[in-house]
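**Student:** There's a structure below that I have some questions on.
The values are calculated or read from the model by the stated rules, or taken from the named source; none is laboratory data. Quick caveat: nothing in here was measured; it's all calculated off a predicted structure. Using ideal geometry, Cβ is built from the backbone for each residue, glycine included, and neighbour counts are taken over all protein chains shown.
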Amino acid sequence: MSDLTGQMLGAYKVLERIGTGGMASVYRAYQASMDRFVAVKVLREEMYQEPSVRERFQREVRTIARLEHPYILPVYDFGEDRGVPYLVMSCAISRRVFSGHGAACFCTHATDSAEGCC
């Protein structure tokens, strides 16, 4: 799965890729059941085929989920769809923060509606 844009990943409608790194891509997605945008981190295909990388990803997700800090995005969900592991985080897009160099999703207002956030 090279680009998930336009597809469903679990309960999340993938809208656009907003960043790519060495191990994963981050997408902006929509969660209809909660009427909110989320950031979905998906391991790259060549990474999630490797069992040790999948285990490391799961450990990292569990560790991040235990942390609470104003500068750490909260973890909403973790799952797997069609063999693709993913992590769902808060989405906080700000046009002023997004530089186009591949960053996570940073929202400006928690009260933004689905239409107004991005």
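**Student:** Of everything in the stretch 80-95 that's in a loop (DSSP other than H, G, I, E, B) and among the charged types (D, E, K, R), which residue is modelled with the highest pLDDT?
**Tutor:** Arg82
**Student:** Can you pull out the residues in the stretch 27-58 that are loosely packed, with under 10 Cβ neighbours inside 10 Å and over 18 Å from Gly10 (Cα atoms)?
**Tutor:** Selection gives Glu46, Pro51, Ser52.
**Student:** Going through Phe106, Phe98, Phe37 one at a time, which residue ends up being at pLDDT 90 or above and not polar (S, T, N, Q)?
**Tutor:** One residue alone meets the criteria, Phe37.
**Student:** Also, I was wondering about something else. For the stretch 59-77, which positions are aromatic (Phe, Trp, Tyr) and surrounded by 16 or more Cβ atoms within 10 Å (Cβ to Cβ)?
**Tutor:** Tyr76
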